[in-house]
Amino acid sequence: MAEMFKNFINGEWVTSKTGATFNDINPADKSEIVGVFPKSGAEDINMAVEAAASAFDKWRKTPAPARAEIIYKAEKLLRKKKDDIAKIATAEMGKILDETKGDVQEGIDTAFYMAGEGRRLFGDTTPSELKNKFCMSIRMPVGVVGLICPWNFPVAIPSWKIFPALICGNSVVLKPASDAPASSMELVQILQEAGMPKGVVNLVHGSGEEAGMALLNHPKVNLISFTGSAEVGKRIGEICGKNLKRCSLELGGKNAQIVMDDANIDLAVDGALWGAFGTTGQRCTATSRLIVHKGVLKEFTEKFVERAKKIRIGNGLSPDTDMGPVINESQLKKIHSYVEIGKKEGAKLLMGGYFYEEGECKKGFFYMPTIFADGHPSMRIAQEEIFGPVVLIMPVNSFEEAIEVINSTNYGLSSSVYTKDINRTFKAISDIQAGITYINSPTIGAETHLPFGGMKNSGNGHREAGKEVLNIFSEWKAVYIDYSKRLQKAQIDTAKEH
Ligand code: NAP
Ligand code: MG
């Protein structure tokens, strides 16, 4: 019997009022149930939001350095449990152990960085335009925040949201993805162990349609921080907009790597393999287009295909595996349908394009690394997010054309350029419409102290990570202190004096 898990509400582990459950399965072996989780509904969400609302005032009044002490403890516990949590994450969502260790490490880094904010959370002081008047800006918490997460970074993404939310003095209700709820459970357990006061962090499992919707429609939730698909993000933005709820959306991408004719080709091949097939292509920043100068197209393509053929597919827990499974059956079918679309559109299939069912792999959701050539911006496979191990090579004649092609999608999350030319480097940095540009490294590999997020349909203008994330989880208050002992009128008195 697989283990039964619970929600965490007001400091207690509790079953759902619905009594319904769902299975968290291992995508490398669909017969393996990692855990059974409550399929919560509006009543559970309401209890969690009420608990968060009651806990908020005391938490907001707890000095930020004291809030940080709890986060520092959580960071230590995460470090201690890193390998165990990585194994759970691999079992529930498939990516290889090295990558889930990296995922937990990102949580550790975020905890450490955000705990440091406990002694910063800087505002500004600035001169007043009037005499005997003092001006400053300070951060205020937003209140109860609802966090809705995807499954592909089951520790890092909840950490990216929880730690900044808490350091800013908010209380939290977390709704993890149905495909990977166990990792969030571990994270919340660590926060409990670290001494988080009851009600400050609440965890409610369940589907997006039921638990997610109830969370974002709850009148006491002041902010929704969502990471997931553009499709769901648009719906969430609409509902939040209608209720004037604060809302930050981190959405998908159609990221590309440019390879110029002066690039180090072996390095560019290394980057393309990691960018396109790391996490089985299921990263919001995954490389799904390779924009290659015709001068090096043949050499790059041959080397890339040769290396991609050597990728070892299998269970992510095995040290011999380079690439794990796809998350679930519907995603597997979606990937394959895009391969069919690509073929019909005239892209040339160089390798892959089929379900991988060798040996043990027939038990899970595996897909071959797939490479298309002869790509053109007019193709759907050059425009739409596939979210799987499929990459399209797009030939170009010049650097200018490469920039035009990289900017030719509705997304603008990550980008990469391989070149040795300093002028092209800076031109690329200034002309690529994306929230992230890497030079001579792949489209994946963000660090937690830099702003993360995208332009165009990759988000709604916010940035997670870095110090910018504090602007999501706090409100600015402008403060004016007049010590002149008389009524001073801004703009009016100032104008008279001159
Ligand atoms: P998703 O289907 O959009 O789901 C994300 C989360 O939203 C899940 O917790 C989901 O619950 C929930 N949800 C679904 N429908 C909802 C609704 N109507 N109301 C409220 N919540 C709802 O995305 P995914 O398949 O998990 O993740 C893949 C996507 O995330 C890709 O597009 C990827 O690019 C994007 N992503 C973006 C970033 C970034 O930072 N920009 C990072 C990672 C991933 P269920 O799990 O129960 O469906
Ligand atoms: Mg799972």
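Please treat every number below as a calculation from the coordinates, not as lab data. Since this is a predicted model, take the numbers as computed values, not measurements. Don't worry about glycine lacking a Cβ; one is built from the backbone with ideal geometry, like all the others, and counts go over all protein chains shown.
Report the net charge of residues surrounding L121, where surrounding means a beta-carbon distance below 13 angstrom and charges are Lys +1, Arg +1, Asp -1, Glu -1.
With Lys, Arg at +1 and Asp, Glu at -1, the neighbours total +4.
Dipole check for the stretch 413-480: with +1 at the C-beta of Lys and Arg, -1 at the C-beta of Asp and Glu, and the Cα centre as origin, the magnitude is about 140 Debye.
When the scattering of the stretch 298-356 is computed by the Debye formula from its Cα atoms alone, each counted once and equally, what is log10 I(q)/I(0) at q = 0.14, 0.27 Å⁻¹? Log10 of I(q)/I(0), two decimals: -0.52, -1.13.
Taking a ≥ b ≥ c as the square roots of the eigenvalues of the Cα gyration tensor of the chain, is the shape rounded (a/c under 1.5), prolate (a/b larger than b/c) or oblate? Note, shape of the chain comes out oblate.
Quick check: net charge around E340, other residues with Cβ under 15 Å of its Cβ, Lys/Arg +1 and Asp/Glu -1? Local charge sum for E340: +4. Does the stretch 1-136 classify as rounded, prolate or oblate by the C-alpha gyration tensor (a ≥ b ≥ c root eigenvalues; a/c under 1.5 gives rounded; else a/b over b/c gives prolate, otherwise oblate)? Oblate is the answer for the stretch 1-136, as a/c is 1.5 or above yet b/c matches or exceeds a/b. State whether the stretch 168-234 is rounded, prolate or oblate according to the following rule on the C-alpha gyration tensor (a ≥ b ≥ c being the square roots of its eigenvalues): a/c under 1.5 gives rounded; otherwise a/b larger than b/c gives prolate, and the remaining case gives oblate. Oblate, since a/c reaches 1.5 and b/c is not below a/b. With a cut-off of 11 Å between beta carbons, the residues surrounding V469 carry a summed charge of -1, where Lys and Arg count +1 and Asp and Glu -1. Residues in the stretch 190-201 carry Karplus couplings, in order, of 5, 5, 5, 4, 6, x, 4, x, 4, x, 6, 10 Hz; the curve used is 6.51 cos²θ - 1.76 cosθ + 1.60 with θ = phi - 60°, and Gly or Pro positions show x. The label point for H449 and the one for E302, both projected 7 Å from the Cα toward the Cβ, are 4.4 nm apart. Of all DSSP-defined beta bridges confined to the chain, some 45% are antiparallel rather than parallel. Taking θ as phi - 60° and the Karplus parameters 6.51, -1.76 and 1.60, the scalar couplings of the stretch 227-232 work out to 10, x, 6, 4, 4, 5 Hz in sequence order, x denoting glycine and proline.
The charge dipole of the chain, taken about its Cα centre with unit charges on the Cβ atoms of Lys, Arg (+1), Asp and Glu (-1) only, comes to about 1560 debye. Since only C247, S408, Y367 are under comparison, the one whose Cα sits farthest along the positive direction of the charge dipole of the chain, derived from C-beta charges on Lys, Arg, Asp and Glu, is C247. The phi torsions of the stretch 125-139, fed into the Karplus equation with coefficients 6.51, -1.76 and 1.60 and a -60° offset, translate into couplings of 10, 8, x, 7, 7, 10, 6, 6, 9, 10, 10, 7, 10, 10, 8 Hz, rounded to whole numbers, with Gly and Pro shown as x. Amide hydrogen proximity for K30: with H placed 1.01 Å from N in the peptide plane, the residues at 5 or more positions away or on another chain lying under 5 Å are G364. Dipole check for the stretch 204-336: with +1 at the C-beta of Lys and Arg, -1 at the C-beta of Asp and Glu, and the Cα centre as origin, the magnitude is about 460 Debye. Cα centroid separation, the stretch 1-54 to the stretch 382-453: 39 Å.
Shape summary: the stretch 410-498 maps onto an equivalent ellipsoid whose semi-axes, from the alpha-carbon gyration tensor, are 43, 18, 12 Å in decreasing order. Cross-link pairs exceeding 21 Å in C-alpha to C-alpha distance, out of K303/K348; K133/K485; K310/K420; K175/K363, comprise K310/K420; K175/K363.
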